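The structure under discussion appears below in the form of structure tokens.
The values are calculated or read from the model by the stated rules, or taken from the named source; none is laboratory data. Just so we're clear, the structure is a prediction, and the values are computed from it rather than from any experiment. Neighbour counts are summed over all protein chains in view; Cβ atoms, including those assigned to glycine, are modelled from backbone coordinates with ideal geometry. These area figures cover heavy atoms from the full protein model, side chains too; ligands, DNA and RNA do not enter into them. Shrake-Rupley method; radii C 1.70, N 1.55, O 1.52, S 1.80 Å.
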Amino acid sequence: MRDIHAQKGLKKSQKILDHMGSTELAANLFRATQTEEKLRRDGVHTKARANDVHMQVGKKVRATIQELGGVMPENLPTPDTSIQQLERRRAKEIENKAEE
């Protein structure tokens, strides 16, 4: 996680998920949902086994991205504007419209 933080040029206080583009978010969500389903299907209850499943699913998702000729998520560009910044901007726009 720290390596990705550094690679993306993020500060400690910044959250990686807030600085992902749509492709990276989609890959991450796909990995998370498939891991959750596999944990449930396989009846995984121990932390060690859950970690193994997370790694297995992550490797398969990465292999698929690579096989399709895609860019690895950590090599995708970091958006200039974070999700939090976009949310604040949108809230101000709504507030300004309400004041009109």
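The residues of the range 1-66 present an accessible area of 75 Å² per residue when probed at 1.4 Å with all protein chains retained.
Pairs spanning more than 27 Å between alpha-carbon atoms, out of Lys8/Lys59; Lys11/Lys38; Lys12/Lys38; Lys11/Lys60; Lys12/Lys60: Lys11/Lys38; Lys12/Lys38; Lys11/Lys60; Lys12/Lys60. Stretched out straight at 0.36 nm per residue, the stretch from Lys92 to Leu17 would grow longer than its current Cα-Cα span by 24.8 nm. Please state the relative contact order of the chain as a whole percent: Cα pairs under 8 Å, 6+ residues apart? Relative contact order here is 39 percent.
Any chance you could give the angle, 0 to 90 degrees and rounded to 10, that helix 83-99 forms with the longest Cα principal axis of the chain? Tilt relative to the chain: about 30 degrees. Each residue was assigned an accessible area with a 1.4 Å probe, and for Ile94 the value is about 90 Å². A Cβ-based charge dipole, computed about the Cα centre of the chain with Lys and Arg at +1 and Asp and Glu at -1, lands at about 460 debye. Surface composition of the range 10-99: carbon and sulfur atoms hold 54% of the protein heavy-atom accessible area at a 1.4 Å probe.
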